[in-house]
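Worksheet: one structure, shown below.
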Ligand code: BES
Ligand code: MN
Ligand code: ZN
């Protein structure tokens, strides 16, 4: 896909389709009046007939008129101007992108002036519009071998039109940011969408190695023997039921001062979660290929951070395992000795994410991190609490949680804080070991975080439960069906 930014009059631009955004009820701007004239009054007639009012994500396509250089024009609604923000730009651009993609129109020109939003700058506006277009037209089609010609094509030529050269220069920066960010998101989505038979732990490891070579990152992969020698007992307990051997993946990006301590990003990498001996029900078990979405977010963030040359040091840590039932699997009642030395009574083998994260958090300490953030599709309870509209955040440091919540609001990946009061930890008391891996029905997302907290006491830490946000069932605005790549944009915004 080729994206160009240029100074041009939208109405004089030759293009298969001109895309303009319209606020609700604002059909009389000078640009739209000029457009209506160029179309011989077609826009006014459509408006009066009630076919288009600029409502949120509403679309209207009109074909060229006597004085319009474009073959067509697509109007896309931004909704009410009051209270609008960058999220509305991304949604409108994503809506326009998919609309055209479904109709196999692959060249478009966007009148950026029409996408003006309160508090914006040419750079941020262009970034939001480009993100919406790139993320909205992402597709995972690699296994659709038959009738490939019927699949929606990718966009080929995008022109972003600005009023003057200075704006064009600024906008180009926004486009470059968006391209880097969206590469990270697309990588994360690809990894999540990949089926479980393909993405064994070693697949994630190889992906990390390839990434390291491409982006100039440091990469270390510990195999089963090294993991055993080091004493990752909790992680090994989960892995022992699968014939696919575990990997502990470490990626390092050094964009900051040589001696500055890094921010550690830890991602749950369960490549398939059948539940183990505490087997999950058959219905929707297929979706558990997404149980490595935390890992995917970490890999995507490291890729994008290096493309963006962010001035920070990062270390990504991914414990990668498969959780399967078998004759060699852990049993309910087994006791594991974690890397920290703490013993864990495993009462439900389906609460495996916290086991591998416990060891990964303990391991993170070796990097002397300034901050540790973990991302995990950790609990079904999180979907009960927040549905699919927010990621849960919990942590041991108010300031970090506040910064993450703010970053989420900026980028459209919203977070909601749940409490992590000491009281909850009582639910994890074991009679036979130091801690047990389930805390009963009440507050499942919080007790899972309380479990992790025991392994994160030595540093500033936040936990993101992305169980409800990592997978999109139907597809909306700029989030197609499947893996969402959640976490990548959030972390990049936080790091920025
Ligand atoms: N990976 C699941 C959580 C999950 C569920 C993520 C649905 C996305 C969608 C996790 O490993 C799990 O099975 N958690 C259990 C914990 C319980 C046994 C304490 C759960 O939520 O049921
Ligand atoms: Mn599970
Ligand atoms: Zn899981």
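Take the Cβ atoms of residue 337 and residue 6, set R0 to 56 Å, and the FRET efficiency comes out at 0.35. Assuming R0 = 35 Å, can you tell me the calculated FRET efficiency for the pair residue 430 and residue 209, based on Cβ-Cβ distance, to the nearest 0.05? The formula returns an efficiency of 0.35 here. Ordering 289-300, 266-277 by mean Cβ neighbour count within 10 Å, with the highest value first, yields 289-300, 266-277.
Listed peptides 320-329, 385-394 appear in the order 320-329, 385-394 once ranked by packing, highest mean of other Cβ atoms within 10 Å at the front.
Remark: spin-label model distance residue 496-residue 69 equals 3.0 nm, labels positioned 7 Å along the Cα→Cβ axis. The stretch between residue 173 and residue 116, if pulled fully straight at 0.36 nm per residue, gains 18.8 nm over its current Cα-Cα span. The angle between the Cα long axis of helix 201-215 and the longest principal axis of the Cα atoms of the chain comes to about 50 degrees, rounded to the nearest 10.
Considering only alpha-carbon pairs that sit under 8 angstrom and 6 or more positions apart, the relative contact order computed for segment 187-495 is 22 percent. The angle between the Cα long axis of helix 444-453 and the main principal axis of the chain comes to about 60°, on a 0 to 90 degree scale.
For the modelled label position 7 Å from the Cα of residue 259 along Cα-to-Cβ, which residues of segment 360-384 have backbone nitrogen atoms closer than 20 Å? Only 366-371 pass the distance filter. Only DSSP H runs of four or more residues enter the estimate; each adds -39500 (n - 2.57), and after division by the residues of the chain the mean residue ellipticity at 222 nm equals -11000 deg cm²/dmol. Quick one: order 219, 182 by neighbouring beta-carbon count within 10 Å, fewest to most. Neighbour counts put them in this order, fewest first: 219, 182.
Computed from Cα positions, the angle between helix 398-411 and the longest principal axis of the chain comes to roughly 30 degrees. Protection proxy ranking of 463-472, 81-90, by the mean of other Cβ atoms within 10 Å over each peptide's residues and highest first, is 463-472, 81-90.
Throughout, read-outs are computed from the coordinates displayed, never taken from laboratory work. Because the structure is a prediction, the values reported are computed rather than measured. Methodologically, a virtual Cβ is constructed for each residue, glycine included, from the backbone with ideal geometry; neighbour enumeration extends over all protein chains shown.
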